[in-house]
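What follows is a single structure, written as structure tokens, with notes after it.
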Amino acid sequence: MAKLRPLGDNVIVKPLNAEKTTASGIVLPDTVSKEKPMRGKIIAIGEGKEDKTLNAKIGDTVIFTQYAPTEVKIEGEEFFILGFDSVLAVEE
Amino acid sequence: MAKLRPLGDNVIVKPLNAEKTTASGIVLPDTVSKEKPMRGKIIAIGEGKEDKTLNAKIGDTVIFTQYAPTEVKIEGEEFFILGFDSVLAVEE
Amino acid sequence: MAKLRPLGDNVIVKPLNAEKTTASGIVLPDTVSKEKPMRGKIIAIGEGKEDKTLNAKIGDTVIFTQYAPTEVKIEGEEFFILGFDSVLAVEE
Amino acid sequence: MAKLRPLGDNVIVKPLNAEKTTASGIVLPDTVSKEKPMRGKIIAIGEGKEDKTLNAKIGDTVIFTQYAPTEVKIEGEEFFILGFDSVLAVEE
Amino acid sequence: MAKLRPLGDNVIVKPLNAEKTTASGIVLPDTVSKEKPMRGKIIAIGEGKEDKTLNAKIGDTVIFTQYAPTEVKIEGEEFFILGFDSVLAVEE
Amino acid sequence: MAKLRPLGDNVIVKPLNAEKTTASGIVLPDTVSKEKPMRGKIIAIGEGKEDKTLNAKIGDTVIFTQYAPTEVKIEGEEFFILGFDSVLAVEE
Amino acid sequence: MAKLRPLGDNVIVKPLNAEKTTASGIVLPDTVSKEKPMRGKIIAIGEGKEDKTLNAKIGDTVIFTQYAPTEVKIEGEEFFILGFDSVLAVEE
């Protein structure tokens with residue numbers, strides 16, 4: 001499979017679907033906000049930059065918000081490339 | 001119960017309802033401002049970042065303002081994910 | 001009485017009424033500016049943050065400006081939560 | 001007389017009237033700019049903050065610009081509270 | 001062939017065509033976002049500046065976004081000049 | 001003659017007239033830009049601030065741009081007060 | 001000939017005409033972007049400021065972009081005064 005290595009303070013996440021939401025007991029309600037929270041699984045983490053680090057690891061399920069995430073498709077699967085600052089919390 | 005760990009300078013608060021407001025003697029009046037103050041209980045605190053720290057602890061009742069807080073629901077309960085800067089004061 | 005502890009570079013002031021204005025000889029005229037100056041008494045001062053300090057103490061009467069101050073009511077009394085930068089001068 | 005102590009990088013000036021302008025030989029012409037220059041006498045200088053200092057002293061006549069200066073009246077006299085950056089030059 | 005040396009935190013990329021997209025298994029879908037991701041091959045990398053570095057090398061195929069990339073044509077071929085921050089990930 | 005001492009990173013210049021332009025062989029053409037370049041002679045230089053210095057001296061003829069320069073008149077002569085960053089080049 | 005010495009992070013370039021473009025094999029296509037790239041020859045380089053340097057030398061042909069470059073005419077020839085950041089690449 002083609003692989004993407006994120007640069008700097010970018011992270012690649014696979015967005016998770018609605019069924020997963022039910023399983024974990026965590027629901028991301030629709031809001032009037034333009035930046036609706038989304039859930040995803042971390043696929044790869046950039047090397048960071050300046051004082052930016054991400055306190056999470058590959059495989060973590062995270063909550064992130066981003067108005068217009070950068071989308072890429074690898075062999076038919078959709079991924080998002082996000083900045084570290086867009087990732088708000090880790091499900092544990 | 002599913003658990004959320006906030007990252008960086010994010011904090012998770014459980015918004016408190018109107019009855020709690022009366023009990024403490026503190027009322028958050030409606031204002032014309034877009035950023036109406038709200039009350040909540042701190043559930044979890046991120047590890048901080050750069051020079052940002054939050055001088056409060058889990059369980060504290062805090063006053064915060066945020067135009068469009070990021071909402072998540074865990075097993076039917078509503079929580080907000082906020083930046084440290086949105087938390088203004090602690091009720092003691 | 002319920003007590004509020006301000007965080008970071010926030011300060012809590014009790015806005016002073018018009019009669020107090022006359023007593024001190026200091027008047028805050030109406031202006032066309034959106035940020036009309038107001039007078040208040042400092043009730044509590046946050047621990048500061050980064051390089052921000054407030055060269056005033058609890059009990060000082062201060063002049064501040066803020067377009068939309070964050071209002072809270074404690075047992076019927078109105079208070080404002082303001083950033084240090086909104087406090088311009090101390091009456092002595 | 002009630003006294004005001006400016007905080008941080010704020011300075012208090014007494015705006016000078018048109019006759020003074022003629023006496024010094026310095027005139028501040030009307031301009032189309034929103035930030036018309038004004039003349040004033042320094043009454044008090046804040047303690048400064050971070051790397052900000054004001055290379056002037058109490059009693060100096062200064063030229064300043066500010067779109068909407070914060071006005072206060074002390075015993076019928078009008079004063080302005082300005083940031084250090086609004087003060088451009090000293091008349092000598 | 002005329003050669004371009006990028007300065008500071010600029011990088012020169014040759015945009016790759018649609019067929020290449022299919023070969024690698026990575027597809028960049030059309031989005032409603034103004035900053036649609038694009039794929040390109042790095043031709044030259046500036047010396048960096050301040051704390052900015054690019055963790056990629058000449059010949060790497062990268063994903064970048066830029067609303068209005070600076071275009072140059074060298075002997076009929078189209079190239080883009082981009083800032084390091086516009087380059088999000090490397091295909092490996 | 002009344003004298004003005006500029007503060008911080010401000011400089012005082014006497015704008016030069018159109019005839020001077022011809023003598024030096026340097027012409028500042030009308031442009032569609034809001035920030036048309038102007039020529040002036042440096043009268044006084046502020047003490048600088050933080051990392052800001054001006055690599056020019058009193059008497060130098062300089063090219064500067066400023067959308068709305070602060071104008072003052074001293075004994076009938078017009079002067080501009082400008083920030084160091086508005087001064088682009090020195091005629092030699 | 002009148003000479004201009006650029007200050008700080010400014011550089012003076014002589015814009016090159018369309019024929020030169022053909023000779024080098026490098027073409028700057030018309031774009032919908034407001035900041036169309038242009039080609040020019042470096043005439044003089046400011047002393048730099050803070051952490052800003054320009055990794056090019058007098059006589060280099062450079063690609064730059066600037067929405068509204070500052071134009072001056074010296075003895076009938078047109079020159080631009082640009083910030084270092086506007087210069088993207090050097091032709092070699």
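The values are calculated or read from the model by the stated rules, or taken from the named source; none is laboratory data. Since we're looking at a predicted model, the values are computed, not measured. Cβ atoms come from the backbone with ideal geometry, glycine included; neighbour counts cover every protein chain shown.
Here are the numbers for the structure shown:
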{"quantity": "Residue satisfying all of: in region E:37-71; among the charged types (D, E, K, R) and in contact with a Leu (Cβ under 7 Å, 6 or more places away or on another chain); modelled with the highest pLDDT among these", "calculated": "E:K41"}
{"quantity": "Residue check, A:K36 in contact with a Ser or Thr (Cβ under 9 Å, 6 or more places away or on another chain) and either free of Cβ contacts under 8 Å to residues at least 12 places away in the same chain or within 14 Å of chain B (Cβ to nearest Cβ) (or both)", "calculated": "yes"}
{"quantity": "Residue within region A:31-42 that is within 11 Å of the chain's Cα centre (by Cα), under 20 Å from A:L4 (Cα atoms) and surrounded by fewer than 20 Cβ atoms within 10 Å (Cβ to Cβ) present", "calculated": "yes"}
{"quantity": "Residue within region B:48-55 that is closer than 15 Å to B:K14 by Cα and either assigned to a loop (DSSP other than H, G, I, E, B) or not hydrophobic (A, V, I, L, M, F, W, C) (or both) present", "calculated": "no"}
{"quantity": "Looking only at region A:70-88, and only at residues there that are in a strand (DSSP E or B) and more than 10 Å from chain E (Cβ to nearest Cβ), the one that is nearest to E:E91 (Cα to Cα)", "calculated": "A:F80"}
{"quantity": "Residue within region A:56-68 that is touching a helix residue (DSSP H, G or I) at 6+ places or on another chain (Cβ under 6 Å), farther than 19 Å from B:I74 by Cα, more than 7 Å from every other protein chain (Cβ to nearest Cβ) and not in a strand (DSSP E or B) present", "calculated": "yes"}
{"quantity": "Test result for F:S86, among the hydroxyl-bearing types (S, T, Y), modelled with pLDDT of 90 or more and out of contact with any Gly (no Cβ under 7 Å at 6 or more places or on another chain)", "calculated": "yes"}
{"quantity": "Residue in region C:12-29 that is at pLDDT 90 or above, surrounded by fewer than 17 Cβ atoms within 10 Å (Cβ to Cβ), of a type outside the set (V, I, T) and assigned to a strand (DSSP E or B) present", "calculated": "yes"}
{"quantity": "In region G:69-92, residue surrounded by the most Cβ atoms within 10 Å (Cβ to Cβ) [restricted to those that are farther than 21 Å from F:L28 by Cα and of a type in the set (A, V, I, L, M)]", "calculated": "G:A89"}
{"quantity": "Subset of region B:33-47 [closer than 24 Å to C:G48 by Cβ and part of a loop (DSSP other than H, G, I, E, B)]", "calculated": "B:E35, B:G46, B:E47"}
